[in-house]
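J.: Sending over a structure as structure tokens; questions will come in a sec.
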Amino acid sequence: MAQAIPFSRNTGAARARHAKVMLLPIARQTADDLALRAHLALDALRRGNGGMGDAQTLTQVMLLTGFLAESGFGAATGEQLSAAEREIAKVFDIGRDAGRWALDSAAFTLFAQIATNYDQQLHRAPLWAVTEASERLDRFTAGLPYQLPARKRA
């Protein structure tokens, strides 16, 4: 005779634990790993030894930093992100045309600020904000609407 699978009858407690976890920052090791990828891509492009993957990583970091800042975590201005977008577009253009994937000194300085901000955001922003930003990035890369609907305020 088959035994019944024991299901937790306290789904409210599980939901409460999940809600609490979403209010905490992501695990330190995970945040460190994500930030390290950004800094390694930045360094590779600074040295002129980068590739398309490094440029894509910095593009994702730029977008995530902006999304997290829009949610109230970290400081990234629209001007800073627009300038970064123009600079990374140059990197892609030159990389595709000449095969040299690199940042000039001004672009490096700009992306160093963004990478530092991203690092701080990963260590401070709650999981819900990082998850939301990641989902927005996924929608953006899929070509879907990625803007958040306006939130109701009490």
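Nothing in this text is a laboratory measurement; each read-out follows from the coordinates by a stated rule. Only a predicted model underlies this, so the values are computations on that prediction, with no experimental measurement involved. Positions of Cβ are backbone-derived with ideal geometry, glycine not excepted, and every protein chain shown enters the neighbour counts.
J.: What does the charge add up to near ARG86, with Lys and Arg as +1, Asp and Glu as -1, over the other residues with Cβ less than 15 Å from its Cβ?
T.: -4
J.: Here's another thing I want to ask about it. Report the label-to-label distance for VAL21 and ASP43 in nanometres (one decimal), using points 7 Å from each Cα along the Cα→Cβ vector.
T.: 3.2 nm
J.: Let me ask another. Subtract the Cα-Cα distance of ARG96 and SER134 from 0.36 nm times their separation in residues, and report this length gain in nm to one decimal. Don't skip to the answer; put the middle values down first.
T.: Numbers: separation 38, 0.36 × 38 = 13.68 nm, distance 2.68 nm.
Once the chain is fully extended between ARG96 and SER134, it gains 11.0 nm.
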